[in-house]
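FYI, it's all coordinate maths here, none of it is from the lab. Please read these numbers as outputs of a predicted model, since none were measured by experiment. Virtual Cβ from ideal backbone geometry, glycine too; neighbours counted across all protein chains shown.
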Amino acid sequence: MRSVDVIIVGASLAAAAAAKRLVDAGLETLIVEKLELPRHKICSGILSPRGYRFLIENFGPLPAQTLHEPTSCRGVTFHFPSMVSMPMDFFGGTTPHLHRKYSDHWAIQRSGAEVQDQTSLLSLEDHGSHVEVTIRKKGGETTTVRARYVIGADGPSSVVRKTLYPEYNKKIPWFFVGQKFHEIIDCPLDEEYFHFWFHPKLGHYTWSHARDGRQIVGVGYKRGDNFQRRHEYVKSYLEDKHGVKLKPADPDHEGCAENFGPSLINRYVLGKGNVLLTGQGAGFLNMIGEGMSCALHSGAISGESIIEAISRNKPVEDTYKRMIVSEIHHTTDQWNPLMIAFGRPHEADFPAALMALSLPDRIKVIKDIWNFLLLYKEFKWGRQIARASLERLFQGTYSSQRWW
Amino acid sequence: MFYTLELPILNIYCGLILEIPEIELGTLPPCPVASDALQGIPRQQTNPSRWQGANWDEFVTALQQDDIEVRQDQGSKGIYLTDAGGMAHGMPNGVVLARSAEQISKLLIYAQNFRVPVTTRGGGLTTEGESVAFGGILLDMTGMSQVIGIDKSELTVRTEAGIFWHRLAEVLRKDGLDYLSAPLNMTSSVGGTLGVGGIDVNSSKYGCSADQAISLQVVTPTGEIIECSDEINSELFQRVILGYGQFGIITVATLRIRSYTPMHMHYFYYRSLRTAITDLHELDKNAVCDYTGILTMMDKAITLLVGFDSKEKEKLFFKKWRRRLHGHGELIFSIRLASYYALHPWRLNELLFLYRRKKTLFPDLQPAHHMQDGAIIDRTVVFSRAVWKHWGHQHMVIPDLATSVDKFVDAVEAGNAVCKKHFRRYTLYCVGIKLRPDHKAHYELSSIPPDAEGFSYGCEFEPVLEDAHYSRDQLQSFKNAIYDVGVELGSSYYRFGGMMKGYIRRALGNKVVDKHLAMKRKADPAMILNRDVIF
């Protein structure tokens, strides 16, 4: 049986960050990915400045092929039902519009790790001193590889997480996020910005931005609703209210399941024994749905935790749960109303943009946000968010009892 | 399909080409994102790619045939996994313990031929991974740590460069001698310090540690063994001193020394950084004291340290200078501090921290067993122990700025604001560095700011991390924010750390860096020696 130091499941940005740390430290690292690389990834591709800095400092300058057109994004514009629009520039300057298919693959290659693509994870068995990982190559044989540690970096529908926490998927609300691509007839929306709508009738997560000469119209809603109907409604709304005239959607629409609840209520799944979870698979997702920067950072921390556990002969699960706290703070703070009001947890200044509005507009916006939040009432997150916010205020941290 | 990757990479998948361009060391390709991405800051990859191991086996065989031992077992390599910064982790392919200049010469000749990177390490007290090997050879210089000879009449010492300053002090002390100035740290090596600068609380009198070198034996990146000084092979001397290990490995150094004297220390307390710095400048300009510096607890308790080698000088200070200082004694300062916190009761935790810190730190700066007639009898030991005990942590986070006299207050205040934003508890440590006009050429690529005349001033910004865990990126973000202050003010970075690859062009400009890069390429054709540190 082949033995390696670490197996990383998934060939995502989180996997690349973890692999970079592990390979640098001289650990034999194998990445297994179920799809053929480079693989397609559904994503807005708008990376935060923090994530961009991480990419450059760790992997070097981005090749042009890793970017969509427009290659950069200046910030985010919030739109409200009262027709007030609030543009906010990122603190760090413009950020990359990543072509996830190539950017992820580039980062994986730059990590220097060995990669086995078109390979599915079948099972994990943690024996305490090592983990036996059974994998199968597409059209090939099933093999078992022995690893000292395993990192699950396989996204919101993580197979590794399903193995460790079979009940997880039933315990949290799932959303469907889908996007369609349109040829543009006329689009007054500024293509330098990512546009987001706080509108309860449009859905839980509604966005639009330019990509490679087309306009993306994206919708997010509770799983079970109708994508076609939702999308049509948003498209008509954009035409009626913002003058966005688009041709019918091209056939290459796409969608996926998202778990953007855990970060909001500080509920993370970080792994057990010698198996760690990271990235969105562990519940890391920034507000406005940007998961790439916290995937990079949590991925790197998972790799650092393994190095720390080996060099100090400590259990990796405890080490990871200690070292990941800073990233949990960073991510959960973005959803924390007290931090949003007073702590500037985001990379654009929402309070300043709000205060720049006239008083009547400010009142309209606050009212609109409140109405939008009522959309989430059915999930009963209010008390949990309030409790987490107060814990952060008085204890300086979030309760780790909610990290599984 | 199993595959491993070598650079440059050109992979073809499904008919689409993903090209990863090879980037020549020292160059910065244009950013394809936007000119104002990351506010137009030309960031660089500062966490190097691991060397892929080409020709490693042939290289090791050649070394072994020439009787050079290469340790490749995990145990030997693992102890060099990180440096004092504790953030960069890299594993060499093999470790060589330095034995002689001849052995190092052979090693470098083979490394050039086989294009294997060599990273030198003394005490490993770098903070940005400069002494961490991301593959290749880790050359441990501590194998060369003997004092070769002391000339008591000329007041010089000739020593192997892998020796720690503390050990050198021990040897010199037997003859009633002492080095001039060196980092207050027991495990920094002479060679490493001469390569980056080195400061002490008497640097305002003697200059940085690198300025006390009279001559050096250097092994160049191509394996020549050359003796150099201001008189012979002066160009090499200029490049190697404060040269970040780019132009050669210092194997032996001749240093100026002095007679040993105990140190009489006094502390004065301030509430304003600006006022304390103004007083520090005045004392240094007028050469009033033998030792000066500022040490703070946040910006709440600012302590001006003054020290003397003789009682006469101490008396003169109290007679002529004490009343000109704006600082207070302990009692008056305590009353002022108590009044402040009485009006700010919600900051009680901060007051308790200050009290706790004072109660534990100050006795360690004047321990009874190292005191004689009110003087500290071994400042190296006293300060080094205090540094590790009270500032030591798994991560040594000490970004720093060095500026001319005029810019120093602004730099400290801007850095202080950065500290406040990132950490609840931190300290600042400021000292002056006397510059030698005849060493201007030495300073060209160094941390000494180009606009500094007479004195340069440096400040370290040190978070008190205690038991809290911060991610590598949080600490790196803090360091970057401090370094960005340096760029904005057109200043530089002193000691070790800041003058790293990602900042050198922004701090010194393309003209200076390109000039030195061209010299580096000429001196080190395969670019194997301490790569990725600044180029």
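A crude spin-label estimate for the pair A:Glu378 and B:Ile226, with each label 7 Å from Cα along the Cβ direction, gives 7.7 nm. Protection proxy ranking, highest mean first, for peptides A:132-138, A:316-322, A:248-254: A:316-322, A:132-138, A:248-254, where packing is the per-residue count of other beta-carbon atoms within 10 Å, averaged. For A:Asp24, B:Asp66, the sequence from fewest to most other C-beta atoms within 10 Å is B:Asp66, A:Asp24. Within the same chain, lysines fewer than 8 places from B:Lys319 are excluded, and of the rest, those with a Cα less than 17 Å from its Cα are B:Lys311. Rounded to the nearest 20 debye, the dipole size of chain B about its Cα centre is 1960 debye, using +1 on the Cβ of Lys and Arg and -1 on the Cβ of Asp and Glu. For the range B:263-500, the Kirkwood hydrodynamic radius comes to 18.8 Å, computed from all pairs of different C-alpha atoms. Axis of helix A:227-242 versus longest Cα principal axis of chain A: the two differ by about 40°, to the nearest ten degrees.
Could you please report the charge total around A:Ser399, scoring K, R as +1 and D, E as -1 over all other residues with beta-carbon less than 12 angstrom from its beta-carbon?
Numbers: positive: A:Arg267, A:Arg387, A:Arg392, A:Arg402; negative: A:Glu391.
Spelling it out: positives minus negatives among the neighbours equals +3.
If you count, for every residue in B:35-48, the Cβ atoms of partner chains within 10 Å of its Cβ, what is the mean? For this peptide, the per-residue mean of nearby foreign Cβ atoms is 6.
Measuring against 24 Å, Cα to Cα, the residue pairs B:Lys358/B:Lys434; B:Lys421/B:Lys511; B:Lys440/B:Lys511; B:Lys300/B:Lys359; B:Lys106/B:Lys522; B:Lys174/B:Lys320 contain B:Lys358/B:Lys434; B:Lys421/B:Lys511; B:Lys174/B:Lys320 as the ones spanning a longer distance.
Geometric descriptor of the range B:394-471, per residue, is 103 Å³ (volume of the convex hull of the Cα atoms). For the protein assembly as shown, the equivalent ellipsoid built from the Cα gyration tensor has semi-axes of 50, 35, 25 Å, listed from largest to smallest. Here the calculated FRET efficiency for B:Lys515 and B:Gln65, from their Cβ-Cβ distance with R0 = 41 Å, stands at 0.60, rounded to the nearest 0.05.
List the residues of the range B:28-67 whose backbone N lies under 15 Å from a point placed 7 Å from the Cα of B:Ser100 along the Cα-to-Cβ direction. B:66-67, by backbone N distance to the label point.
Label sites at A:Ile42 and A:Cys256, each approximated as a point 7 angstrom past Cα along Cα to Cβ, lie 0.8 nm apart. Against chain A, whose longest principal axis comes from its Cα atoms, helix A:49-59 is set at around 30 degrees.
Straight Cα distances below 18 angstrom link A:Lys41 to the lysines A:Lys101, A:Lys180, with same-chain residues fewer than 8 positions distant left out.
Between B:Arg323 and B:His344, the simple label model (points 7 Å from Cα in the Cβ direction) yields a spacing of 3.3 nm.
Be a star and scan the range B:90-113 for residues whose amide nitrogen sits under 19 Å from the point 7 Å along the Cα-to-Cβ vector of B:Gln146. Answer for the range B:90-113: B:97-106.
Could you give the angle, 0 to 90 degrees to the nearest 10, between helix A:13-24's Cα long axis and the longest principal axis of the Cα atoms of chain A? The answer is roughly 40 degrees. With the cut-off at under 12 Å, measuring from each backbone N in the range A:233-256 to a point 7 Å along the Cα-to-Cβ line of A:Asn226 picks out A:233. For A:Lys367, give me every one of the lysines with a C-alpha distance below 22 angstrom, ignoring sequence neighbours fewer than eight places off in its own chain. Cα-Cα hits under 22 Å: A:Lys201, A:Lys241, A:Lys377, A:Lys380.
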